[in-house]
Ligand SMILES: Nc1ncnc2c1ncn2[C@@H]1O[C@H](COP(=O)(O)OP(=O)(O)O)[C@@H](O)[C@H]1O
Ligand SMILES: [Mg+2]
């Protein structure tokens, strides 16, 4: 297991290297000069050249790339064109906001989808099953920004129960954080919950038709034991992946939602960096998201091996 | 002969609601099996063999409507609540299903899967159930049982897995073992071993056995009585010797003729031309009429033949009377 993790971490390093190269090359293709944009109306040739030199943009591309990678290995992702602050700290500052929103949304989604998906499979064809199907259909077809606006209007506007937008750090004020995270997390989480409900329902239905479930019933086990020990233990193995994929995709930042709720996460950062052509920040954000994605994948593989004895990691 | 049957089924009918209408999977079936005895249920795929034992023990699919009377150890099962029926399963009836590759849960150890029925029905602790599982693995002839008890199904061969399934079925020392084509998915050598194992266990434990098969070859050596099913009905039943010596129904005759040579492997019955009727649309007369090579009586086409005696305990559902060889 230990060797598996180490090997996978090394592989992840290689993937991240590839990510830096692709992003670097793509940014070369984007028209427009980022330094010019950063200077805006204060443009004068001397400052321009000085800034280019400071950012190392006057060097050959290969040198630029190699020095970027070399510095990245030491944790230095360069400085923002716009603010001049180190990219590493800019990106990491945004992580708690994104992480706490994504995890809250996925926890909410799982808490909704799990009982709903399982029960609608166990009672397939029942009114509850139909209700669950309507819910998932609604969740995947209604645009999340529209749902977000409705929530803001209802819960912040009409009812006044929750703040319409903004962010408070969890570590500063847990209650304040909670009141601010509810609306964006539920908005994002409803979509995730719809996807998960469908998936869990079909995973459970599939296992219910397995021969070993009939074997368990033939043994005269209680329904509760059959469901928990035989059905769910098997059905949940693929569900783990889907939950993880959902989490990973939310960690990339939910740009529209972060903008709508003024949530200062990685998605918002990416959006602003694109607007400002702040390439070092953009690169840093992409790298962070890719790293989180790879980490989650690794965790899923380890978890899989624990849940399914047929899979061994070497 | 006078002790009461372990399991008896009277006029058992199973109708399954399907999208294309009601399917009469089992249509008025009677049989019974006594302690220490083996009843073979024989017939082609789709003839209602599995459904009849599943329905009798409360395992029929949700869409199935079950009618008739089922007595297990004198208790009328169809009148019981689903929960009371559940408590009889595993405790008094053990099941062995066809495919040991799919009938074991892949994420639980075989020891756990054998022991859990003992936890449920005998109140054993998890530890005691594990010890019991080791005993059972030993009983069904798995070498170094103590080392295998924590293995997962995928770590065992097909034959070993079927032994595990048999161990699972016998863990509470049930009065009846229902084996639904337990050798069909196995290779010929393993098949013979499993047949021998069940016969041996039956002798030692005095268990009644219902052995479902489409292979009459298996029946000859192991069963006491045989019931031949076709289109959801029993078309012939009686002591094995009598049915084999003097089959009365053309379907039984055809089955016996289609029996593979011993050792030839592959017990499929492709040699009877045509295919069994759909349970959605059973013929008015004898269900075998469309395929019948004899058609010895005009009434067979549109009148359901009654089950009539051929000799002592030997009955056949046909109007046709084969010519007596000894007459
Ligand atoms: N779940 C089900 N839904 C509808 N029809 C079924 C179902 N299970 C079995 N049947 C039908 O019932 C009939 C008897 O099936 P079965 O008892 O499995 O046959 P056998 O065990 O003799 O091969 C078949 O025609 C089959 O198509
Ligand atoms: Mg069958």
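Every read-out reported here was derived from the displayed coordinates using simple, explicitly stated rules and does not represent laboratory data. Because the structure is predicted, anything quoted here is derived from the model rather than measured. Cβ placement follows ideal geometry from the backbone for every residue including glycine, while neighbour counts extend to all protein chains displayed.
Just tell me how shielded B:52-60 is by partners: mean number of partner chain Cβ atoms within 10 Å of each residue's Cβ, no decimals.
Mean number of neighbouring Cβ atoms from other chains: 1.
Between 0 and 90 degrees, rounded to the nearest ten: what's the tilt of helix B:126-139 against the longest Cα principal axis of chain B?
60 degrees
If the convex hull of the alpha-carbon atoms of chain B is projected onto planes in all directions, what is the mean projected area in square nanometres?
17.5 nm²
How far is helix B:158-170 tilted, in degrees, relative to the longest principal axis of the Cα atoms in chain B, given as a value from 0 to 90 rounded to the nearest 10?
The angle comes out at about 90 degrees.
Would you mind pulling out the separation of the Cα centroids of region A:164-185 and region A:1-64, in Å?
Cα centres, region A:164-185 to region A:1-64: 33 Å.
Calculate the mean, over all residues of peptide B:112-120, of how many other protein chain Cβ atoms lie within 10 angstrom of the residue's Cβ.
That average works out to 3.
Decide, for region B:101-156, between rounded, prolate and oblate: order the square roots of the alpha carbon gyration tensor eigenvalues as a ≥ b ≥ c, take rounded if a/c falls under 1.5, and otherwise choose prolate if a/b is larger than b/c, else oblate.
oblate
Using 0.36 nm per residue, how much length does the chain from residue B:3 to residue B:135 gain when fully extended, once their Cα-Cα distance is taken away?
44.5 nm
Restricting attention to the alpha-carbon atoms of the protein assembly as shown, what are Rg (one decimal) and Dmax (integer), both in Å?
Taking only Cα atoms of the protein assembly as shown, I get Rg and Dmax of 34.5, 125 Å.
Can you pull the mean other chain C-beta count within 10 Å for peptide B:91-98?
Per residue, the number of nearby Cβ atoms from other chains is 3 on average.
Could you give the length gained by full extension between residue A:85 and residue A:67, i.e. 0.36 nm per residue of separation minus their alpha carbon distance, to one decimal place?
That pair, residue A:85 and residue A:67, stretches by 4.7 nm at full extension.
Any idea how far the Cα center of region B:195-233 sits from the one of region A:82-114, in Å?
Region B:195-233 and region A:82-114 have Cα centres spaced 64 Å from each other.
To check my understanding: the extent here is largest minus smallest coordinate of the Cα atoms along each principal axis. What are those three numbers for region A:160-265, in Å, largest first?
For region A:160-265, the Cα extents along the three principal axes come out at 56, 25, 24 Å.
Can you tell me the convex hull volume per residue for region B:1-137, based on C-alpha atoms, in Å³ to the nearest whole number?
Cα convex hull per residue, to the nearest whole number: 150 Å³.
Find the percent of Cα-Cα distances in region A:88-307 that exceed 33 Å, and round it to a whole number.
Of all Cα-Cα distances in region A:88-307, 25 percent exceed 33 Å.
Counting DSSP beta bridges with both partners in chain B, what percentage is antiparallel, nearest 5?
Taking every DSSP beta bridge within chain B, about 65 percent pair in antiparallel fashion.
Given R₀ = 22 Å, what would the calculated FRET efficiency be for residue A:58 paired with residue A:17, taking r from the Cβ atoms and rounding to 0.05?
0.35
Under a 10 Å cutoff between Cα atoms, tell me which one of A:127, A:45, A:163 has the largest fluctuation in the Gaussian network model of chain A.
Between A:127, A:45, A:163, it is A:45 that shows the largest mean-square fluctuation.
Taking only Cα atoms, what is the 0 to 90° angle, nearest 10, from helix A:266-276's long axis to the longest principal axis of chain A?
Value to nearest ten degrees: 30.
Rounded to a whole number of µm²/s, how large is the Stokes-Einstein D of region B:123-247 at 20 °C and 1.002 mPa s, given Rh as the Kirkwood radius over C-alpha pairs?
Taking Rh from Cα pairs, D becomes 134 µm²/s.
So what is the calculated 222 nm ellipticity per residue for chain B, using -39500 (n - 2.57) for each DSSP H run with n of 4 or more, over all residues, to the nearest 500 deg cm²/dmol?
When only DSSP H runs of four or more count, the value is -9000 deg cm²/dmol.
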